[in-house]
Amino acid sequence: MQLNATYADGLSADSEDLKVIFSAHGILFPSGKAWSYGGTQLVAKVKKTGKIVFRHDDFQNARLSVYVPEAQWQAFLDYLRHQHPRLIGRVNSDSMRWQSIIAVSIVVTLAAIYFLYPHANRILVSLMPTSWAETAGEMVIDHMYGGLNRGQQCAKAEGQALLDRWADELAPEGTPYDIKVRVARTSEINAFAAPGGQIVILKGLIDKADGPDEVAGVLAHEIGHAYHKHPMQGLVSALGLGIISQIFGGDAGTVATLVLSSSYSRDAERQADQTALDILYDQGISAEGFIEFFRKIKDLQGKYADSELFQIVASHPLTSERIEHVEDHIHDKETDKGLTFKASATDEEWQALKNICD
Ligand SMILES: [Zn+2]
């Protein structure tokens with residue numbers, strides 16, 4: 001069976017589109033190399049988009065994503081199950097039984113930590129490998145927009161260039177992930193950080209902004225969430241310890257629903273705001289745009305309270321206290337100091353971002 005696929009070696013940021021063949025001898029690549037079924041494991045599957053992600057013992061960092069047409073989904077899974085029980089993670093050998101006993105012990109230990117210490121999820125998340133957050137983030141994003149890679153992403157090169165530049169320049173030292181910013185084609189006004197440093201800006205937010213500084217400010221706030229690993233912490237709190245089985249079981253629907261329905265705590269919002277201010281001042285960008293955007297949203301909030309356009313308020317609770325805090329900060333840093341700031345983007349870059357979906 002031949003399938004469209006993307007292959008990322010996990011060592012560089014690039015990924016390669018290719019076709020692979022699932023044969024009786026394993027997964028065959030166009031280069032002639034093959035992944036044996038015995039060493040291959042399914043990492044995640046998302047039925048809605050037909051995407052299945054595999055890893056192989058010999059290439060620890062690499063991920064192979066294949067795209068299975070909907071009509072063949074079940075037959076393909078049955079096929080995998082017949083090739084090797086390990087492929088889709090069925091527990092039926094002795095060694096697998098031991099692995100599951102060990103896994104249960106780990107979960108019980110984590111559960112004990114989780115309930116004994118109130119801030120344990122922060123500790124748990126700090127111990128998790130980066131690749132877990134990246135996998136969870138991919139699953140969330142795939143589920144939400146039917147795969148940003150497949151038509152829902154706006155990525156005209158000139159507009160994307162500004163986002164890539166911002167991702168590079170705004171991410172402070174010590175950011176745990178490579179920040180990746182994408183735009184989704186929807187009129188909702190929102191932006192969110194999925195686990196693993198993946199940030200999605202919904203096009204409605206760009207349409208509502210009066211200049212690049214407003215979008216850069218919101219982006220700095222999202223990078224603040226990524227910097228503090230809030231998305232993964234949110235996921236862990238929302239799911240409790242179920243996260244572990246969710247990630248291994250690959251049920252993206254539940255994960256995505258929880259991410260969408262949960263909002264950050266006041267503390268997390270304050271932390272992200274503070275990091276956003278630090279980022280902006282580090283880059284010599286005024287925070288006026290940042291606060292202006294939140295004022296604008298707050299003004300409109302009453303008018304469209306129930307509209308789904310205002311998701312941003314739901315996922316990043318916007319309190320007067322938050323706005324006051326940022327205003328105070330701006331007053332201390334900017335007002336009467338005679339400081340000059342640079343624009344976060346040129347007029348051309350801003351126009352290109354506004355046209356990123358065209
Ligand atoms: Zn927020």
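Rule-based calculations on the coordinates, nothing more; no lab input. Fair warning: this is a prediction, and the values are worked out from it, not measured in the lab. Backbone-built Cβ (ideal geometry, glycine too); neighbour counts: all protein chains shown.
Cβ-Cβ distance of residue 358 and residue 266, R₀ of 35 Å, FRET efficiency by 1/(1 + (r/R0)^6): the value works out to about 0.35.
A straight Cα-to-Cα reach below 29 Å connects residue 45 with the lysines 19, 33, 156, 180, 203, 229, residues fewer than 8 places away in its own chain not being considered. Round to a whole angstrom and tell me the spacing of the C-alpha centers of region 65-84 and region 150-183. Taking the Cα centre of each part, region 65-84 and region 150-183 sit 33 Å apart.
Normalised by the residues of region 2-83, what does the relative contact order come to in percent, with Cα pairs under 8 Å and at least six apart?
Working: 139 pairs, mean separation 22.1, N = 82.
So the answer I get is 27 percent.
Compute the FRET efficiency between residue 71 and residue 300 as 1/(1 + (r/R0)^6), taking r as their Cβ-Cβ distance and R0 = 41 Å, and round to the nearest 0.05.
Numbers: r = 44 Å, r/R0 = 1.08.
After rounding, the FRET efficiency stands at 0.40.
Between residue 210 and residue 323, the contour length at 0.36 nm per residue exceeds the Cα-Cα span by 38.8 nm. Show which aspartates and glutamates lie in cross-link reach of residue 48 when reach means a straight Cα distance below 16 angstrom and same-chain residues fewer than eight apart are skipped. Within the straight-line limit of under 16 Å, residue 48 reaches these aspartates and glutamates: 70, 138, 142, 251.
What does the charge add up to near residue 221, with Lys and Arg as +1, Asp and Glu as -1, over the other residues with Cβ less than 9 Å from its Cβ? My count for the surroundings of residue 221 gives -3.
On full extension of the chain, what length is gained from residue 17 through residue 188, given 0.36 nm per residue of separation minus the C-alpha to C-alpha distance? Display every interim value, and only then the final one.
Details: separation 171, 0.36 × 171 = 61.56 nm, distance 3.07 nm.
Between residue 17 and residue 188, full extension yields 58.5 nm more.
Given a Förster radius of 41 Å and the C-beta distance between residue 8 and residue 339 as r, what FRET efficiency does 1/(1 + (r/R0)^6) yield to the nearest 0.05?
Details: r = 43 Å, r/R0 = 1.04.
E between residue 8 and residue 339, to the nearest 0.05, is 0.45.
Any chance you could run the full-extension gain for residue 351 through residue 156? It's 0.36 nm times the residue separation minus the Cα-Cα distance, nm to one decimal. List each step's numbers first, then the result.
On the way: separation 195, 0.36 × 195 = 70.20 nm, distance 1.18 nm.
Result for the pair: 69.0 nm of gain on full extension.
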